[in-house]
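Have a look at the structure below before the remarks.
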Amino acid sequence: MAGSLICLILIGVSCTGCLGAKTPPVSRPPAPAVFVDYYRAGGIAGFDDRLVIFDNGAAVASTKAGSRAIVLNASGIERISGLFDESQFSLLVANYPAPRGGNDLITYSISYHGKTVTTEDTAIPPSLLPVIDEMNRIVKNAGIT
């Protein structure tokens with residue numbers, strides 16, 4: 001009887017230590033931040049394209065035909081960063097409207113590092129053309145049909 005009592009006490013003591021134990025919190029990596037948010041709308045073709053690229057290379061391209069998730073490699077991200085640096089994006093003003101309005105103009109909105117620049121055909125700053133060309137290339141190569 002003394003042996004079974006000791007056994008019950010040992011089981012009880014060992015279980016009480018388990019009841020108060022806390023599980024360490026699971027650390028989750030931070031969600032990826034938006035690297036580039038590009039939007040193109042209007043024109044004769046009636047564009048309605050958007051490209052959102054995250055800092056980890058994941059991206060979503062969408063057109064009127066649908067959307068597709070894509071992944072850009074590190075060299076692609078570096079290329080895009082270089083194009084924004086060369087364009088002196090941080091020095092551009094927020095809005096470049098076309099000098100004369102028109103129904104067939106394409107409007108572009110580009111956000112990078114927390115700054116957004118909006119422009120229209122015939123008013124695009126020349127330094128921004130390579131950035132727009134690259135964003136359009138990525139959307140086209142996403143293969144949305």
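The values are calculated or read from the model by the stated rules, or taken from the named source; none is laboratory data. Bear in mind the structure is a predicted one, so any value in this text is a computation, not a measurement. Positions of Cβ are backbone-derived with ideal geometry, glycine not excepted, and every protein chain shown enters the neighbour counts.
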* To do: State which residue is farthest from ILE138 (Cα to Cα) when the search covers only the range 58-68 and only residues that are of a type in the set (A, V, I, L, M, F, W, C) and surrounded by 17 or more Cβ atoms within 10 Å (Cβ to Cβ).
  => ALA59
* To do: Please tell me if VAL36 is buried (at least 17 other Cβ atoms within 10 Å of the Cβ) and either out of contact with any Cys (no Cβ under 8 Å at 6 or more places or on another chain) or assigned to a strand (DSSP E or B) (or both).
  => yes
* Somewhere in the range 54-66, is a residue out of contact with any Lys or Arg (no Cβ under 9 Å at 6 or more places or on another chain), at negative phi and of a type in the set (Val, Ile, Thr)? -> no
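Among the residues of the range 95-107, are any charged (D, E, K, R), modelled with pLDDT of 95 or more and in contact with a strand residue (DSSP E or B) (Cβ under 9 Å, 6 or more places away or on another chain)?
To start, the set of residues in the range 95-107 that are charged (D, E, K, R) comprises 100, 104.
Checking which are modelled with pLDDT of 95 or more leaves us with none.
There is no residue in the range 95-107 that is charged (D, E, K, R), modelled with pLDDT of 95 or more and in contact with a strand residue (DSSP E or B) (Cβ under 9 Å, 6 or more places away or on another chain).
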* Could you give every pair whose Cβ atoms fall below 8 Å, whose first residue belongs to the range 103-122 and is part of a loop (DSSP other than H, G, I, E, B), and whose second residue is surrounded by 15 or more Cβ atoms within 10 Å (Cβ to Cβ) and among the aromatic types (Phe, Trp, Tyr), counting only separations of at least 6 or pairs across chains? -> HIS113/PHE84; HIS113/PHE89
* Restricting the range 50-93 to residues that are under 14 Å from the mean Cα position of the chain (by Cα) and charged (D, E, K, R), which is nearest to SER127 (Cα to Cα)? -> ARG50
* **Filtered residues of the range 90-100 (kept if surrounded by 15 or more Cβ atoms within 10 Å (Cβ to Cβ) and assigned to a loop (DSSP other than H, G, I, E, B))** => LEU92, ALA98
* Looking at the range 69-89, which of the residues that are in contact (Cβ under 8 Å) with a residue 12 or more places away in the chain, surrounded by 12 or more Cβ atoms within 10 Å (Cβ to Cβ) and among the small types (Gly, Ala, Ser) is nearest to ASP133 (Cα to Cα)? -> SER87
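Looking at the structure I just gave you, is ALA98 over 17 Å from GLY57 (Cα atoms), hydrophobic (A, V, I, L, M, F, W, C) and in contact with an Asp or Glu (Cβ under 6 Å, 6 or more places away or on another chain)?
On the way: over 17 Å from GLY57 (Cα atoms): yes; hydrophobic (A, V, I, L, M, F, W, C): yes; in contact with an Asp or Glu (Cβ under 6 Å, 6 or more places away or on another chain): yes.
Judged against the criteria, ALA98 is a match.
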* Which is modelled with pLDDT under 95 and under 20 Å from ALA31 (Cα atoms), of GLY114, GLY43, GLY143? -> GLY114
* Test result for SER14, modelled with pLDDT under 95, outside any loop (DSSP other than H, G, I, E, B) and hydroxyl-bearing (Ser, Thr, Tyr) -> yes
